[in-house]
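The values are calculated or read from the model by the stated rules, or taken from the named source; none is laboratory data. Since the model is a prediction, treat every value here as computed from it, not as a measurement. Ideal geometry is used to build each Cβ from the backbone, glycine not excepted, and the neighbour counts take in all protein chains shown. Note: accessible area is taken over every heavy atom of the protein model, side chains too, but ligands, DNA and RNA are not part of it. Shrake-Rupley method; radii C 1.70, N 1.55, O 1.52, S 1.80 Å.
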Amino acid sequence: MDFQDFIHSRRDTFAQACLDGACLEIVLGNESCDLDSAVSAIAYAFLLQREKELSVVPVLNVPRADYTLKTEVVFLLNKYAITQSDLVFIDDLRTLRQGEGHTFNLHLVDHNVLTDSQADMANRVVSIVDHHHRDCPLTDKMFVRIETVGSCCSLITDLFYERHGTVYSQILGHLLRGTILGDSICLSPEADRVKPLDVAMVEKLEEEFNLDISDRHQVFNSISAAKQDVAALSTEQLLKKDKKTFTVSSTCVIMSSLHVSIQAFLKRQDMIGACSKILTANSASILIVLCSGSKGGTTIKHFIMYTREGPLRAALTELIDSDLDLNFTPTQDISLSENFVVRKFLNIEISRKQVLPKIKGFLQVITASDMMTKLRSDSDQLTFSLELSAPGTPSIMESPVPEFNSSHENSGNHTPNPIFYVEAPPNSYKDASLLDTLGPHLPSFNNSEMVKRIMIKKNKLTSDHTEDPSTGDVLSSEGNSGHNSCPFTPANSFVDKFAPIEHHLPSFNSREMVSRMLQKKLPLAGDTGDVSPADDVHGQHIFTPHNSECGGDLHSSPAFDQLDLEHRLSSFKLQQAQELSPHTEASTNHTS
């Protein structure tokens, strides 16, 4: 079957398969249904038909009633005698998608993820050919070729030459070449979108069908003129002409690309009404319009955002203005209502292909921030369980798990997963002015309940009777472990007795260590008796550096008492002086 027979029989093939319940292979372009999407669907369907002899049908992803809005598609297909009556559109699939007993496989071109409204067909996808950023999950069950090039038609042309060495039809060759030239700005090296494969495929098509290189600009200009021929369209139709829709969480966004200047777009009388109407019709929150015009032969691009949601608009504007890749600049000569945000492109090579994923990312950031704000506002419904890991001080705090009020379950809302927070060190300084900008307050030991519990434990270890730091009540020391002791504090250190201590560092101030040291120390002092931990109740102490503050009975230690050492040193010096005295006197007498 040659290309002309193939394309003119597709609608009949589709209708017959629906009647018979036969399996169909559907090739679907993206929802903007621009020239690249439409021709890619037609060309890839013809390639599959040549290879598998199956019932393959290209489908334009736009309602039949909106086909005339795609002026450049209508222009190029009409030029080669392909009319609207030959084509199958997305609304023709309604019966196939909803009916029982109908089977079909889906092949995606010029996109790799279905929109929410078409997500019901996701499990039917068996192959993908696309030149956009990959957002789809990949499996071994499908053929995928995703490569960043100027036109998706370049990838499909390459598949023809790789597998068959030809595209078979001169008409198809003209369609592919014209589309690649249109998407790559006539293979302009200055255009950021053109890639070596785009150039190579145009050259191969020109070689196979003996096409004149000199008419490239003529082909490109004719397609560009058709794309900009929008005078007969209303503003609403203009916004629908080349639009894409995507959703991040519950925020629906419409992004339209217009090949008109911003001045021409804003001068339309029904501009504001059309923007509002298209949001309402699609249950969308944000409309983004990318205007591309020219002045004195220089391309000028503008970014317009329209939304009636003030907080969302403010948050998104802040992220857009701070992004260095987009590199927008405010416009001083355009004044619109507060629902509009207008920026000028400093880099005219940026297109929707770069802007769309940026907006998706910004909305993901905003959505995450909104979730944190909601959790903070619902903090009265969260309960946290804190446990002390050991008597005395909380060395490790267990991560708190939010417990949600049962009203969430009854409301049918999605219950958030448990959230684990990073611990804040005790006594950390928190600027109260920052709390409103943070997410849920991080749990820490800096709360009255925890301080109270720590002080009770601490005081039990330091005295027989202590007071509750919050009530002043006398607390009993009963139950205090004899094996716990206060940590050693270096001499002259300042300790805030009301400051909770996170960890008790291991020290020598334990009865076990004192006992072990005494075992070593007492034999040096002349005592060879055994020493048990019970022996060291009040009288024996380990060595403490000079000037350290210790108990008043320190000097009862015979071996390490500082005054005793000084006294013994003085006695030793005096004894030496006396021993030397006779020799000194004898020497003096001899001299005399």
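Using label points projected 7 Å from each Cα along Cα→Cβ, tell me how many nm separate ILE456 and ALA15, to one decimal.
8.5 nm
When the convex hull of the Cα atoms of segment 247-353 is projected onto a plane and the area is averaged over all directions, what value comes out in nm²?
Details: hull surface 28.4 nm².
In nm², the orientation-averaged hull projection of segment 247-353 is 7.1.
Translational diffusion coefficient, Stokes-Einstein: compute it for segment 179-327 using the Kirkwood radius over C-alpha pairs as Rh, at 20 °C and 1.002 mPa s, and state it as an integer in µm² s⁻¹.
Approximately 121 µm²/s, per Stokes-Einstein.
Solvent-accessible area of HIS133, probe 1.4 Å, all protein chains present, reported in Å² to the nearest ten, please.
For HIS133, the solvent-accessible surface is approximately 130 Å².
Over all alpha-carbon pairs in segment 56-167, figure out the percentage whose distance exceeds 25 Å.
Details: 1913 of 6216 pairs.
Result for the distance tail: 31 percent.
So if I take the centroid of the Cα atoms in segment 116-164 and the same for segment 266-284, what is the distance between those two points in Å?
If we compute the Cα centre of each part, the gap is 33 Å.
Of SER294, SER85, SER257, which has the most accessible area with a 1.4 Å probe, and how do the rest follow in descending order? It would help to have the intermediate numbers written out before the result.
Details: SER294 90, SER85 70, SER257 25 Å².
Descending accessible area places them as SER294, SER85, SER257.
Per residue, how much accessible surface does segment 161-269 expose to a 1.4 Å probe? Answer in Å², no decimals. Intermediate results must be reported in sequence, preceding the final value.
Values: 5060 Å² over 109 residues.
Ligands and nucleic acids excluded, the figure is 46 Å² per residue.
How long is segment 94-159 along each principal axis, judged by its Cα atoms, biggest number first, in Å?
Here the Cα extents, ordered largest to smallest, are 39, 23, 22 Å.
Given a 1.4 Å probe and every protein chain left where it sits, what share in percent of the accessible area of segment 82-141 is carbon and sulfur?
On the way: 1410 of 3060 Å².
That share works out to 46 percent.
Which FRET efficiency value, to the nearest 0.05, is calculated for ILE348 and CYS23 with the Förster distance at 60 angstrom and r the Cβ-Cβ distance? Kindly include the intermediate steps, with their values, before the conclusion.
On the way: r = 46 Å, r/R0 = 0.77.
FRET efficiency, ILE348 to CYS23: 0.80.
Going from the alpha-carbon gyration tensor of segment 295-337, what semi-axes, largest first and in whole Å, does one get by taking the root of 5 times each eigenvalue? Could you put the intermediate results ahead of the total?
Numbers: eigenvalues 102, 43, 14 Å².
For segment 295-337, the semi-axes come out at 23, 15, 8 Å.
At q = 0.14, 0.24 Å⁻¹, work out log10 I(q)/I(0) for segment 59-121 with the Debye formula, treating every Cα as an identical point scatterer and leaving solvent out; two decimals please.
Log10 of I(q)/I(0), two decimals: -0.50, -1.15.
Kirkwood hydrodynamic radius, computed over distinct alpha-carbon pairs, for segment 1-97: how many Å, to one decimal? Show your work: numbers first, answer last.
On the way: mean 1/r = 0.0747 Å⁻¹.
Computed over segment 1-97, the radius equals 13.4 Å.
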